[in-house]
Amino acid sequence: MGLASALGWDNGIVLAPLGADVTRPQLVAAVANAGGVGFLAGASNNYDMQVKSIKATKKLTTKPFGGVLLEWDQSNSTRTIFDEKLACMQVYRGDYPKEMVDEVHKNGVQIVHQVGSVAEAEKAIAAGVDCVMAQGFEAGGHIRGSVSVIALVPRIVDLIGDKKTTVIATRAIADARGFVAALPLGANRIGVGTRFIATPESYANDYYKQQLLHYTEADTDYTDLYSRVSWFAPARVINTPFHQKWKPVPQDVSNNDDQPIIGYSIIHENETVLRRFAGQVANQTTAGELDQMVMYAGQGVGLVHEILPTADIIKNFIEGAEKIIKNLGG
């Protein structure tokens, strides 16, 4: 089954990449040890720092995991993935041409291309990627497309036809019901992000983790407020009181150096000043006005009721899915 057989996955669960150090080695390794595949967030194209992070993950697991490339220059991050012989890498960009895919394959690495539209999927499939990760509009964090996963996945499956390309459905999947629902659409695997933030292994700030427990699908908002300078991509966030107050601000208000400082973080070992409307989420090092910081979450946040170990979450997904399928008669 394409990427799945190549990596020897024990189950169909993929850790979606989460920024600002949230997907640290501990979380990636925990997902891998429980039979899923995690993607280690890139360290701002810093070769030495990325190697350090990869080696730290390898100390915690012998299972396969991958790295992530974003839309800007990631040449050093690519080199670390090749040099450290990671199993796979995920790209999050509109165009990743065949010559680049071929280079990845020559280095023995499988490639996952996250897309948000049929047009993007068509390019990725033509380029020969091993896996297409279909991101629905319901997802948390930065969002590429504008349609739901229930509409997007079948269209991508039809495009793939008889090619051996794995499809990962990623959006507001937070329990076994979402897992099972993705399978009849044609997805081979699921991507999970928000649910894994609320785990002991994630590096998200405890305040951020606790906030996830108090909001529902009706309490998220699709906005570009936190990415007008740092990354031109809208995102789905929790509609906190701070966000409710500020989301109507005009388009000429940006998350730039004119905004007041609201806190500080150490991100990828570098001290980072956080200003109002900054796109970085609070991690374990963050200090300041936490209630004024962005909190990414998908519409599945209403199913996140407690902080659980990563292994328990994956076990619940698998056992719950098996029970549902059995009750459906097959």
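The values are calculated or read from the model by the stated rules, or taken from the named source; none is laboratory data. All of these numbers come straight from a predicted model, not from anything done at the bench. No Cβ is skipped: glycine too gets one built from the backbone with ideal geometry, and neighbour counts run over all protein chains shown. Protein only, heavy atoms only, side chains kept; ligands, DNA and RNA dropped before computing areas. Shrake-Rupley method; radii C 1.70, N 1.55, O 1.52, S 1.80 Å.
A few remarks follow.
- Cα centre as origin, Lys/Arg/Asp/Glu Cβ charges: the range 152-241 dipole, Debye: 320 debye
- Bridge orientation summary for the chain: considering DSSP beta bridges with both residues in this region, about 35 percent are antiparallel.
- The range 222-330, accessible area per residue, ligands and nucleic acids excluded (1.4 Å, Å²): 51 Å²
- Ranking Ser44, Ser148, Ser265, Ser75 from most to least accessible surface, computed with a 1.4 Å probe over the protein chains only, gives Ser44, Ser75, Ser148, Ser265.
- When the trypsin sites (Lys or Arg not before Pro) in the range 93-173 are filtered for DSSP coil states and for at most 13 other beta-carbon atoms within 10 Å of their beta-carbon, the remaining sites are Lys163, Lys164.
- Remark: relative contact order (the chain) = 18 percent; criterion is Cα-Cα distance under 8 angstrom and separation of 6 or more residues.
- Near Lys209: Cβ cut-off under 12 Å, other residues only, Lys/Arg at +1 and Asp/Glu at -1. The net charge is -2.
- Measuring nothing but protein heavy atoms, the accessible surface of the range 131-215 at 1.4 Å probe radius is 52 percent carbon and sulfur.
- Taken per residue, the accessible surface of the range 140-202 reaches 37 Å², heavy atoms only and a 1.4 Å probe.
- Each Lys and Arg contributes +1 and each Asp and Glu -1, all at the Cβ; summed about the Cα centre of the chain, the dipole is approximately 640 debye.
- On the basis of the beta-carbon distance and an R0 of 22 Å, Gln210 and Thr272 show a calculated FRET efficiency of 0.50.
- Hydrodynamic estimate: the Kirkwood radius of the range 189-292 over Cα pairs, inserted into Stokes-Einstein at 4 °C and 1.567 mPa s, corresponds to D of 88 µm²/s.
- Dividing the convex hull volume of the alpha-carbon atoms in the range 134-239 by its residue count gives 128 Å³ per residue.
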